[in-house]
1. Just check segment 56-130 against the gyration tensor rule for me: Cα atoms, a ≥ b ≥ c as the square roots of the eigenvalues, rounded for a/c under 1.5, and otherwise prolate or oblate depending on whether a/b exceeds b/c.
2. Using Cβ counts within 10 Å as a stand-in for footprinting exposure, how do GLU91, GLU77 rank, fewest first?
Amino acid sequence: MVALSSFRDEKSTGLLPIGGGRPLPLPRPDERGGGRAASRLKGRAMCKVLTSQSPLHFRKASRSMRIAGHSTTVRLEEAFWQVLDEMARREGLSTSRLISVLYEEALERHGAAPNFASLLRTVCLLYRGMIPPEG
């Protein structure tokens, strides 16, 4: 079965997992937006990458599929599903088949795919860097 990442801990415990599974405390609401970082940004134009995007791009969606003979669910943000759908169309494959091929390639090259959702996100970023978007 494919290992998928989850940030459930953030909501349930107020802790965000970091390397090695050790949680890092989240800042308290009164600590957010303050401090030296905020004072450095005052008066500067922000890049607006987040605020210029539709919130739908950040919504997580799960899709069920068979990978390496196992039924599983992959959960990614909609923006990544859009890129994977585009990649599959260009390759003449279903999205499920494309993901299965990527999984097989990861196993062949690295022997494992412990965080497959992260691998898919990275593939999407690399693909976007190589191929201009459709449209």
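1. Since a/c stays below 1.5, the shape of segment 56-130 is classed as rounded.
2. Details: GLU91 12, GLU77 16.
Final ranking by Cβ density, sparse to dense: GLU91, GLU77.
No value in this document is a laboratory result; all are computed from the given coordinates. Everything numeric here is computed off the predicted structure, so don't read it as measured data. Positions of Cβ are backbone-derived with ideal geometry, glycine not excepted, and every protein chain shown enters the neighbour counts.
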